[in-house]
Amino acid sequence: MSGIQEFLHMGGYALYVWGSYALTLIVLAANALQPRIRERQLLRMLAGRNDRTGPSR
Amino acid sequence: MFTFLHKYGSPQHFYRLSRGLAPWFGGASALLFAAGLYGALLLSPPDYQQGEGVRIIYVHVPSAWMSLMVYVIMAAAGGVGLIWKVKVADAFARASAPLGAAFTFLALATGSLWGKPMWGTWWVWDARLTSELILLFLYLGYMALQTAIEDRRTAARAGAVLALVGLVNIPIIHFSVLWWSTLHQGPTLRPFAPPAIHMSMLVPLMVMAVAFMLYFAAVVLVRTRNELLELERNSNWARELAAEEAAR
């Protein structure tokens, strides 16, 4: 087997090792992205309200 | 101490602080993740018993540590909010919970993926696994309380009490592998004892652990400032901030 194939094969533990890393990547990436999207939504919502009422009460 | 609490305890100041700090924590975390993954997948050797399967340790153990650490931080922030009525502390506790739940889920799931080839089973109702599952339920219970109670003050107080009572589970998880006989292996690292792991594995493990901590710091800062912005949406600073952002 070539080096790359051997690496991907993980000595027969490919499913478990790559499964763990993929799951970790997905969960961490989703948790990092979600609050950024939420922040953009919040700011847009607040800015839209400002357009109607002005920034100060 | 109290001037400090008042300055950074003010949502507006915390918001600015978070804007300044979060990108640095995020950047440092990304660098350490890159280095840690290189060490974990390429540099570190296979285990003499577990072969390449041992590489799961580099995501499983940091997740498990974080699941405990975030819980203690969440309970402490909840306690500060309960006693001194600091809005930022309440928001911080509320922002921590979903992250703690995510780390707990990862610890359980990667543990399962590790258990199947090594123990021959995905799950066993032993002390370590069961107490970690209870930790997940504590996080989910805390989050359910936050959603169910509409008034933020009441939700924060109820959540803080739950989090503080649930603290009893933390030493149970930590010592479970010593107190009860279990399939789970004993601790790899203990204070005042040489580590039960070779340096070539310890270094990438610690790098990954620090990367996880910095990741948490970056994300919790963003989550907390979102909570504060939502909470204070009718205040002048929030309105001005939105106007500034819209003008950019």
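The values are calculated or read from the model by the stated rules, or taken from the named source; none is laboratory data. Note that this is a predicted model, so its numbers are computed, not measured. In this analysis, Cβ positions are derived from the backbone assuming ideal geometry, glycine residues included, and neighbour counts consider all displayed protein chains. What goes into the accessible areas is simple: the full protein's heavy atoms, side chains included, and nothing from ligands, DNA or RNA. Shrake-Rupley method; radii C 1.70, N 1.55, O 1.52, S 1.80 Å.
A few remarks follow.
- From the C-alpha gyration tensor of segment A:3-52, square roots of 5λ in Å: 44, 9, 4
- Percent of alpha-carbon pairs separated by more than 21 Å within segment B:150-236: 61 percent
- Long hydrophobic helices in chain B, taken as whole DSSP H segments with a C-alpha length of 15 Å or more on their own axis and mean Kyte-Doolittle hydropathy at least -0.5: B:11-38, B:57-84, B:87-119, B:127-148, B:152-166, B:199-231.
- Summed over both chains, the area buried between A and B is near 3300 Å², taken from the accessible surface of protein heavy atoms with a 1.4 Å probe.
- Top positive-direction residue, dipole computed over chain A with Cβ charges, set A:Tyr21, A:Leu43, A:Ser2: A:Leu43
- Distance between the C-alpha centres of segment B:168-197 and segment B:64-85: 22 Å, rounded to the whole angstrom.
- Once the mean of 1/r is taken over each pair of separate Cα atoms and inverted, the protein assembly as shown shows a Kirkwood hydrodynamic radius of 21.0 Å.
- In this Cβ point-charge picture (+1 for Lys and Arg, -1 for Asp and Glu), the protein assembly as shown has a dipole of about 1080 debye about its Cα centre.
- Restricting the GluC sites (Glu not before Pro) of segment B:158-237 to loop positions (DSSP other than H, G, I, E, B) with no more than 10 neighbouring Cβ atoms within 10 Å leaves nothing.
- Contact order relative to length of chain B, as percent, for alpha carbon pairs under 8 angstrom and 6 or more apart: 34 percent
- Inter-label distance, B:Arg233 to B:Ala193: 5.2 nm, where each label sits 7 Å from its Cα along the C-beta direction.
- Cut-off 15 Å, label 7 Å out along Cα→Cβ of B:Leu140, residues of segment B:101-125 by amide N: B:101-109
- Computed from point charges on the beta carbon alone (+1 for Lys and Arg, -1 for Asp and Glu), the dipole magnitude for segment B:108-248 about its Cα centre is near 240 Debye.
- Highest GNM mean-square fluctuation among B:Arg16, B:Arg152, B:Arg190, for chain B modelled with Cα contacts below 10 Å: B:Arg190.
- Per residue solvent-accessible surface (Å²) - the protein assembly as shown, probe of 1.4 Å: 51 Å²
- The mean number of Cβ atoms from other chains found within 10 Å of a Cβ in peptide A:45-52 is 5, as a whole number.
- GNM top mover of A:Leu25, A:Leu15, A:Leu33 - chain A, alpha-carbon springs below 10 Å: A:Leu15
- In nm, spacing of pseudo-spin labels at B:Ala247 and B:Ser181 (7 Å Cα→C-beta vector): 7.2 nm
- Computed over segment B:170-216, the percent of Cα pairs more than 17 Å apart is 50.
- Protein heavy-atom surface of the protein assembly as shown, 1.4 angstrom probe: 68% of the accessible area is carbon and sulfur, with nucleic acids and ligands not counted.
- Mean residue ellipticity (222 nm) of chain B, computed from DSSP H runs ≥ 4 via -39,500 (n - 2.57), nearest 500: -26500 deg cm²/dmol
- Using the Cα coordinates of chain B, the gyration tensor eigenvalues translate into equivalent-ellipsoid semi-axes of 36, 22, 15 Å, sorted from longest to shortest.
- Once the Cα atoms are used to define both axes, helix A:14-53 deviates from the longest principal axis of chain A by about 10 degrees.
- Counts of other chain beta carbons within 10 angstrom of each beta carbon in peptide A:7-16 average 5.
- Here the dipole of segment B:12-101 is about 520 debye; that uses its Cα centre as origin and unit charges on the Cβ of Lys and Arg (positive) and Asp and Glu (negative).
- Computed over neighbours whose Cβ is under 9 Å from that of B:Thr182, the net charge equals 0, Lys and Arg +1, Asp and Glu -1.
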